[in-house]
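Everything on this sheet refers to the single structure shown next.
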Amino acid sequence: HESVALARHGLRLVAQLPPSPTRDVLELDLSLTLGWSMINVRGYAAVEVEQIYTRAAALCEPANRRNDLFRPLWGLAMCYLTRAEHGQVKVLADRILALAQESGEPPARATAHYMLGTVSVYTGEIVSARRHYLDGIAIGDAHLGRSDLPDGRDPAITCRGQMGRVLWLLGYPDQAVAVSEVAMTRATRSGQPHSLVFALWADMFLRQFLGDVAATADRADRILVLANEHDLPQYRTWAGIMPGSWLRCLRWN
């Protein structure tokens, strides 16, 4: 919330400046900060998130920040992914990949593979998703600390977290558990709250798929602690939903 307030205040001040490339660069940087903060406060699919990242994308080219264009495109892709507008996501993900191939920058490459892997999961292309997540893991491992996704997460952690679900869907539950546990261990060592809460979130779903009620509830409890400590309403909601769904399943059985 503090980040949102400060970014908005900065944008109000920028609006008072005369048009110039320097002004556009300031607006772009503040918009990218505001976009990620709004995702945490309002959710990925919020109209404000779409508006902020649309403006940020428009600012990239005239500000000579084309190499940063993958960042607002990622924000838009996450917005549309949450709205289940998968066609839009695929277009944006392909564009991010083209930018990554053009620039060769590890953060853009990692972002492209993470996004393509994630939309592939939602469209049922599980083998393709596995391939993209493996690429994201390789980039993250090779460029530790220099290939973070636009939200600051390590792609080696996030792609491993998502890989757990993919491997379970492909019929490899033991491998799924192993890769998910590595994601949680690395996230804990990173000291980055959002990486840890995401790794726990991914593992919570995997444990649910495996029918492990105790582990699912444990992950939900740990997520709730982090969500309350760092004010992450989306994860707070997931943590609240999951135990309830398990209680219903137990009653049905």
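The values are calculated or read from the model by the stated rules, or taken from the named source; none is laboratory data. All values reported here derive from a predicted model rather than from experimental measurement. Ideal geometry is used to build each Cβ from the backbone, glycine not excepted, and the neighbour counts take in all protein chains shown. When the accessible area is computed, the model is the full protein with side chains, heavy atoms only, and any ligands, DNA or RNA have been set aside. Shrake-Rupley method; radii C 1.70, N 1.55, O 1.52, S 1.80 Å.
Once a ≥ b ≥ c are taken as the square roots of the eigenvalues of the Cα gyration tensor of segment 174-222, is the result rounded (a/c under 1.5), prolate (a/b larger than b/c) or oblate (a/b not larger than b/c)?
oblate
Comparing D135, D174, D231 in a Gaussian network model of the chain (Cα springs below 10 Å), the most mobile by mean-square fluctuation is D174. Give me the distance between the Cα centres of segment 50-85 and segment 86-163, rounded to whole Å. Using only Cα atoms, the two centres lie 16 Å from each other.
The HN-Hα couplings worked out from phi for segment 21-32 by the Karplus form 6.51 cos²θ - 1.76 cosθ + 1.60 (θ = phi - 60°) are x, 5, 4, 5, 5, 4, 5, 4, 4, 5, 5, 5 Hz, whole numbers, x standing for Gly and Pro.
Looking at the square roots a ≥ b ≥ c of the eigenvalues of the Cα gyration tensor of segment 1-76, which shape do they give, rounded for a/c under 1.5, prolate if a/b is larger than b/c, or oblate?
Oblate.
Give me the percent of the accessible area of the chain that comes from carbon and sulfur atoms, probe 1.4 Å, all protein chains in place. Carbon and sulfur: 56 percent of the exposed surface of the chain.
Extension gain for T123-L13 works out to 35.3 nm (0.36 nm per residue, less the C-alpha to C-alpha distance). The modelled label-to-label distance between S20 and V213, using points 7 Å beyond Cα along the C-beta direction, is 6.6 nm.
With a Förster radius of 22 Å, plug the Cβ-Cβ distance of D94 and D141 into 1/(1 + (r/R0)^6) and report the FRET value to the nearest 0.05. So, using R0 = 22 Å, E works out to roughly 0.35.
In the assembled protein chains, L26 presents an accessible area of approximately 80 Å² (probe radius 1.4 Å).
Is segment 119-253 rounded, prolate or oblate when judged by the Cα gyration tensor, a ≥ b ≥ c being the square roots of its eigenvalues, rounded requiring a/c under 1.5 and prolate requiring a/b larger than b/c? Since a/c reaches 1.5 but b/c is at least a/b, the shape of segment 119-253 is classed as oblate.
Comparing P193, P19, P107 in a Gaussian network model of the chain where C-alpha atoms under 10 Å apart are linked, the largest mean-square fluctuation is found at P19. Karplus-based coupling profile of segment 9-14, in residue order and whole Hz: 5, x, 5, 5, 5, 4, with θ = phi - 60° in 6.51 cos²θ - 1.76 cosθ + 1.60 and x standing for Gly or Pro. Along segment 209-221 the Karplus relation, 6.51 cos²θ - 1.76 cosθ + 1.60 evaluated at θ = phi - 60°, assigns HN-Hα couplings of 4, 7, x, 8, 5, 4, 5, 4, 5, 4, 5, 4, 5 Hz to successive residues, with x for each Gly and Pro.
Given R0 = 41 Å, the distance between the Cβ atoms of E61 and E2 translates into a calculated FRET efficiency of 0.85.
If you take every residue apart from A227 with its C-beta less than 13 Å away from the C-beta of A227, what net charge results, scoring Lys and Arg +1 and Asp and Glu -1?
Residues close to A227 contribute a combined charge of 0.
Which value in deg cm²/dmol, rounded to the nearest 500, describes the helix-derived mean residue ellipticity at 222 nm for the chain, given -39,500 (n - 2.57) per DSSP H run of n ≥ 4 and division by the residue count? One gets -26500 deg cm²/dmol as the mean residue ellipticity at 222 nm.
Across q = 0.13 Å⁻¹, segment 75-185 modelled as identical point scatterers on its alpha-carbon atoms has Debye log10 I(q)/I(0) values of -0.43, in the order of the q list. With a simple spin-label model that places each label point 7 Å from the Cα along the Cα-to-Cβ direction, the separation between D174 and A84 comes to 3.7 nm.
Per residue, the solvent-accessible area of the chain (1.4 Å probe, heavy atoms of protein chains only, all protein chains present) comes to 46 Å².
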